[in-house]
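The values are calculated or read from the model by the stated rules, or taken from the named source; none is laboratory data. What you see is a predicted model, and the numbers here were worked out from it, not measured in a lab. Cβ atoms come from the backbone with ideal geometry, glycine included; neighbour counts cover every protein chain shown. Quick note on the areas: whole protein, heavy atoms, side chains included, nothing else; ligands and nucleic acids left out. Shrake-Rupley method; radii C 1.70, N 1.55, O 1.52, S 1.80 Å.
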Amino acid sequence: MMMTRIDDETRITQEAARWFGSLIDSNARRADFFRWLEESPRHVEEFLFILADAQDLALLTGKQRQRIDELSREIGSDASASPNVVPLCRDAPVHFASATTRDVETTSGAPPPHWQPGARRLIRRWTAALAALLLLTVGVSWWLTGPGSWRTYSTEIGEQRALELADGSVVDLNTNSSVTVRLTDTSRTVRLLRGEALFSVKHDPRRPFLVHTSSAVIQAIGTRFNVYRRDGRTQVAVIEGLVQVSDATDLTSAVRASTTPTRQFLNAGEGADVSDSGNVSEPKSVDAARAVAWRQRRLVFEEDTLGEIAAEFNRYNAAVKIRVDEEVAGEEHFSGTFDADAPEAMMQALAGDLALEVTRAGNEIVIRRREP
Amino acid sequence: MTSINEQNAHAFVAESYKKYGPELRRYLQRRLKDRQDARDLSQEVWRRLLRIRNTAEVIEPLAYIYRAAANVIAEYHHLRSRDCVSVDSDAMQYAADHPAELARDEMSEQLVRQAELQRILAAMPKTYRDVLLLRVTEGLSYEEIGSQLHFSPKTVEQYFFRAMTLVRKSKRDKQKTGMAP
């Protein structure tokens with residue numbers, strides 16, 4: 001546990017330092033930078049510390065910098081010059097034999113003057129060596145593959161998948177969907193890149209669980225909720241617990257107008273839509289069972305238009321596609337429950353409608369108005 | 001439209017220090033000493049970032065985050081100044097009468113920090129130190145430093161972020177153990 005904490009601390013410091021280094025020159029990656037900041041208050045704090053250190057560095061005078069070189073020669077840490085070579089024991093470790101580290105730690109007051117400086121220096125070097133090793137091994141490996149890195153999971157058309165995250169939370173991915181996930185000791189961040197997912201979040205107050213889409217941020221504590229990215233909007237439905245949905249408003253205009261960005265709290269059985277322009281709708285009651293019926297591969301329609309119905313079926317089926325003539329796409333409203341993998345069943349149901357003509361041509365089902 | 005990369009880094013940090021440095025600095029200093037500081041600045045800044053989110057519009061991210069932190073601190077002071085109990089009127093009066101001494105405190109704090117920084121820099125490998133100073137103090141790009149020291153820009157970047165991490169870690173470790181780094 002102790003170890004984990006230290007590693008996480010180091011990792012955040014490294015990330016903050018890296019961000020600072022890249023932002024001095026170019027603001028090209030600022031969106032990624034803000035995403036990183038948003039993952040945890042700890043990131044914000046660490047970045048502020050790095051900024052403060054950088055200020056002190058920038059304010060060093062030429063004279064002070066010369067003094068550094070003198071100091072460096074005095075404490076003798078300079079000779080090896082190459083950062084890949086850690087000066088472990090350039091002095092013969094004679095003193096080390098006469099004084100163990102334990103002695104140094106337990107002897108307070110006035111240790112024998114003949115060995116103390118050497119031992120101190122050695123310990124300091126060992127600490128430096130360990131720190132360097134930690135930086136090189138832990139740092140690099142955590143950076144690339146560790147719990148601090150992003151992992152992406154995707155499903156093909158028709159495929160569904162349940163992912164258990166390391167924190168015990170479960171993400172059910174619907175057809176043709178993609179999420180990228182990052183867990184650290186201080187944050188749990190999911191980006192829904194496309195499609196739909198049901199989140200069953202393990203309660204952990206120390207680590208906020210955030211789901212981002214292009215226009216919305218959904219924050220959960222311990223709860224189950226469904227997020228669906230569709231054309232023009234993000235739909236959120238809460239099955240259990242409480243979540244907060246906020247928009248991703250245009251920063252400058254929000255600042256200029258000093259408006260509070262739209263934000264809604266949703267209880268179980270409530271849902272909200274966030275438009276791509278960032279408007280969060282009022283909470284409305286949703287049928288929780290319907291919202292997650294997709295996990296049984298059921299499609300539930302309630303007064304939906306033919307266009308919406310076709311789009312839903314097409315999410316699950318690569319082999320057969322439904323095409324709805326523009327003339328009827330927005331008008332007709334239908335209700336019913338269908339098997340997501342059987343568009344033919346729906347085709348038969350619609351064929352009973354005298355106003356519509358349903359034809360199959362190759363792997364395409366075409367729905368249009370029946371000519372009188 | 002000016003952005004940081006049009007000025008140099010030195011100018012930016014020096015400028016922002018003048019504008020908001022001392023307050024933020026004092027806060028961070030306290031924070032190092034007492035992790036349980038009830039007023040959690042970063043928590044508040046983070047909350048604001050989440051609320052206002054279209055980051056593509058932020059032209060100067062460094063300045064933005066700095067200003068956000070400074071604003072939170074300023075608001076906090078404003079709130080506190082209305083709270084009679086927490087105002088030490090004698091100290092306020094003294095400060096009003098002796099502005100030069102306050103400035104001197106500021107200077108001495110800075111000198112102490114820079115002495116510490118000198119020690120930390122002296123203890124790290126020379127290449128790290130050179131990269132760090134060229135980047136932050138001189139405002140050179142990774143490419144420029146690379147051609148000067150005969151490393152690839154990628155390597156320079158690695159050295160830079162490791163050096164920066166070492167500085168931060170040394171300060172933190174010192175606070176934890178109460179020993180010199």
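For A:178-188, what's the mean count of beta carbons from other chains sitting within 10 Å of each residue's beta carbon?
Values: counts 0, 0, 0, 0, 0, 0, 0, 0, 0, 0, 0.
So the per-residue partner count for this stretch is 0.
A protection proxy built from the mean count of other Cβ atoms within 10 Å ranks the segments B:163-174, A:347-358, most packed first, as B:163-174, A:347-358.
Evaluate peptide A:35-48: per residue, the Cβ atoms of other protein chains within 10 Å of its Cβ; return the mean as an integer.
Details: counts 3, 0, 9, 5, 1, 3, 10, 3, 3, 13, 9, 3, 7, 11.
Rounded to a whole number, the mean comes out at 6.
Let me confirm one metric for peptide B:66-73, namely the mean number of other chain beta-carbon atoms within 10 Å of its residues' beta-carbons. Kindly include the intermediate steps, with their values, before the conclusion.
Details: counts 5, 0, 3, 6, 0, 0, 0, 0.
For this peptide, the per-residue mean of nearby foreign Cβ atoms is 2.
Distance between the modelled labels on A:ASN267 and A:HIS203, one decimal in nanometres: 1.8 nm (7 Å Cα→Cβ projection). Note on A:ARG161/B:GLU138: beta-carbon distance plugged into 1/(1 + (r/R0)^6) with R0 of 60 Å gives a FRET efficiency of 0.70. Efficiency by 1/(1 + (r/R0)^6): what FRET value for B:ALA74 and B:HIS150, r their Cβ-Cβ distance, R0 = 41 Å, to the nearest 0.05? It comes out at approximately 0.35.
Could you compute how much accessible area chains A and B hide from each other, both sides summed, with a 1.4 Å probe? Nearest 100 Å² is fine. All intermediate terms of the calculation are to be shown ahead of the outcome.
On the way: alone 21180 and 12970 Å², together 26770 Å².
Protein heavy atoms only, the A-B interface buries about 7400 Å².
Starting from the residue with the highest accessible area, list A:HIS43, A:HIS333, B:HIS150, A:HIS203 in decreasing order, probe 1.4 Å.
Largest to smallest exposure gives the sequence B:HIS150, A:HIS203, A:HIS333, A:HIS43.
A simple spin-label model places pseudo-atoms 7 Å from Cα toward Cβ; at A:GLN348 and A:SER26 they are separated by 5.9 nm. Report note on the peptides A:363-371, A:12-20, B:130-138: ranked by the mean count of other C-beta atoms within 10 Å, highest first, their order is A:12-20, B:130-138, A:363-371. Full extension of the chain between A:ASP287 and A:ARG370 gives 26.5 nm of extra length, using 0.36 nm per residue less the Cα-Cα distance.
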